[in-house]
Amino acid sequence: MAAIASGVGAVVGFFFLFFFAASPYGEAALVEHTFVVSQIKLNHLCNETLVTVVNGQLPGPAIEVTEGDSVVVHVINKSPHGVTIHWHGVKQLLNCWADGPVMVTQCPIQPNNNFTYRFDVVGQEGTLWWHAHVGCLRATVHGALIIRPRPGGSGSYPFPKPDKEIPIIIGEWWEISPVELEKGIAKGDFTDLPRSATINGKLGDLNNCSGVIEDNYILDVVRGKTYLLRMVNAALHSEYYFKIAGHTFTVVSADANYVKPYTTDTIVVAPGETVDAMFVADAPPGRYYMVLVNSKTIEGPVQTRGVVNYIPSKGSDDTPILAPEITGQDDATTSFYFHGNLTSLPHSLMRPVPRNVDEQLLVAIDTGYTCEEGDPTCGPVSRMNNISFQLPTTTSLLQAHYYHNMSSSIREFPGRIPPGTVFNKGRTLKATSVRRVRYNTTVEIVFQGPPDGIVYSNPMHLHGHDFFVLAQGLGKYDATKDVQTYNLVDPPVRNTALVPISGWTAIRFVANNPGVWFLHCHFEKHVSSGMGMVLIVENGPTLETTLPPPPTDFPSCDDQSGGVAYE
Ligand code: C2O
């Protein structure tokens, strides 16, 4: 499904992959890839744009595993940027070293250097993904990570086996370079926008320049067959609504956790989220648009479309293509209900919801200023409990934690909304903020978005753990009243919690994975301007609950000359 970019051969002639298929006895296999990161030129909308990609492909190669497999990815950095790769949603139990967020767990892999990521994929099935975790590089450095059930393990899908599985990678086409974009965001300039959304790298026929129409992503289907769409929102900027004219979906999984079959005509995916949805090609043979448009936002539409094409085709190429009706820029409701309606499916991989909470954090997520309001010398920053997160610059937090040399400038992240906080007002502190929790602490976090005025949802992503999404609501969280609405029976399990516009979301998890884990909004403009914090989970009492030492080839922090795009 990945389009091979033009001009690849010259740049990257070199891409290999060994895939040892699982044995009939269901033994774990080793899945090995080599990711060559390099720059290529792509031509869209009358412009040649230099983009950083893996193996010359956009989206990058999909990693396909069976639950329980071990993954080895050799990253060879032939790009001029410092690079890291994050395996989004992989729990990385006792393996924080392989998690990837720059300066949180590791220093970047410098240009002309290599690093090999090694991790196991255990107790998770469905669709996850991988992406660069340095500045805005993930705009084009991303791909799917598909986990299928293990024969002899859970064995099979808890839904009818689809005839075909189709990755749908949602991206965005930016003409501004990721480094320039990052610099703008750091200065508080949030005005840059993508030129288009993309489906599997295609900009689609809503875009043309000087009469040259951009290619559509085309999905050929056969009448009566069932398709499993594995959707990933890899975009920097927007939450998206997805629809196919004349068809409905059954959602079966989100963030690689099964959900009770949920029928809908619109799929909603925020940045960082994944959704697996089935559809049956049961419409009269013909051609149907699949449409992707951003959900409620202050900016104009960012959209794209592709085509579902019944084969053998009926009629000629000029048969009209049916378009679906779709809401977008004014619609926050569809997203609210889509997220709120998902419930988990009872399954052998499910854990019970912990009833007792050891530590509850109440976290305001919003934007503010580092100087007095109205002072023209400082632009807005994003923040959590009034702290705008700063990455360290010399050593990663994981290394500092492991070797017991945490800088004294690191702040304790407050567990309460600072008193007197008025949303979007008040002095903001810029700091590297961390919160330590003991091994096996049950943590509940209530994320509180600005109660009104701001038209952004916030997809909050936690590394190293999945969590239960217990409830969401509009307005201001009211502990006594809102606890009554918690779903403690079958809440969805996710790695990204969408906090609705003008509302709140409550999550709960057991901090059972020692290490240093980033928690941040997956909108790039938010994370790059400070909407993040770090959770440090301490070691447990035994060797089996203690983070092992780093791999011997762990990237050095001595040479930061290749530049980190987050400066
Ligand atoms: Cu998908 Cu911190 O990342």
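Computed from the coordinates by the stated procedures, all read-outs in this text should not be read as laboratory data. All of these numbers come straight from a predicted model, not from anything done at the bench. For neighbour counting, all protein chains shown are included, and Cβ atoms are generated from backbone atoms with ideal geometry for every residue, glycine included.
Some notes on this structure:
- Near the amide H of residue 248, within less than 5 Å, lie the amide hydrogens of 280, all on another chain or at least 5 residues away, with H placed in the peptide plane.
- Sorted peptide list for 48-56, 277-285, criterion being average Cβ within 10 angstrom, highest first: 48-56, 277-285
- Amide H within-cut-off set for residue 221, under 5 Å, with H built and near neighbours excluded: 309, 310, 311
- Table column - 3J(HN,Hα) (Hz), the stretch 348-357, Karplus curve with 6.51, -1.76, 1.60, x for Gly and Pro: 4, 7, 6, 10, x, 6, x, 8, 9, 9
- Close amide H contacts of residue 303 (hydrogens built in the peptide plane, cut-off under 5 Å, sequence separation of 5 or more or a different chain): 197.
- Over all projection directions, the Cα-based convex hull of the stretch 185-284 averages an area of 8.7 nm².
- Sorting the segments 124-136, 292-304 by their mean number of nearby beta carbons within 10 angstrom, highest to lowest, gives 124-136, 292-304.
- Pair residue 41, residue 476: separation of 7 Å Cα→Cβ label points (nm): 5.7 nm
- Model label points for residue 485 and residue 323, set 7 angstrom from Cα along the Cα-to-Cβ axis, are 3.6 nm apart.
- The local environment of residue 413, defined by Cβ-Cβ distances under 14 Å, has a net charge of +4 under the rule Lys, Arg +1 and Asp, Glu -1.
- Panel note: the C-alpha atoms of the stretch 376-467, placed on their principal axes, show extents of 43, 36, 23 Å (largest first).
- Computed E for residue 309/residue 404 - FRET, C-beta separation, R0 51 angstrom, nearest 0.05: 0.30
- Placing a label point 7 Å from the Cα of residue 223 along the Cα-to-Cβ direction, the residues of the stretch 235-266 whose backbone N falls under 19 Å from that point are 245-248.
- The stretch 203-340 - Debye-derived log10 I(q)/I(0), Cα point model, q = 0.17 Å⁻¹: -0.98
- Cβ distances below 4.7 Å define possible disulfide partners, and in the chain the cysteines left without one are 96, 136, 521.
- Calculated from backbone phi, Karplus (6.51, -1.76, 1.60) coupling profile of the stretch 90-97 in Hz, x at Gly/Pro: 6, 5, 6, 4, 6, 9, 4, 4
- The chain: proportion of alpha-carbon pairs further apart than 42 angstrom, %: 15 percent
- Karplus-derived HN-Hα couplings along the stretch 287-303 (A = 6.51, B = -1.76, C = 1.60, θ = phi - 60°), whole Hz, x at Gly and Pro: 10, 9, 6, 9, 10, 10, 9, 5, 7, 3, 7, 6, 7, x, x, 10, 8
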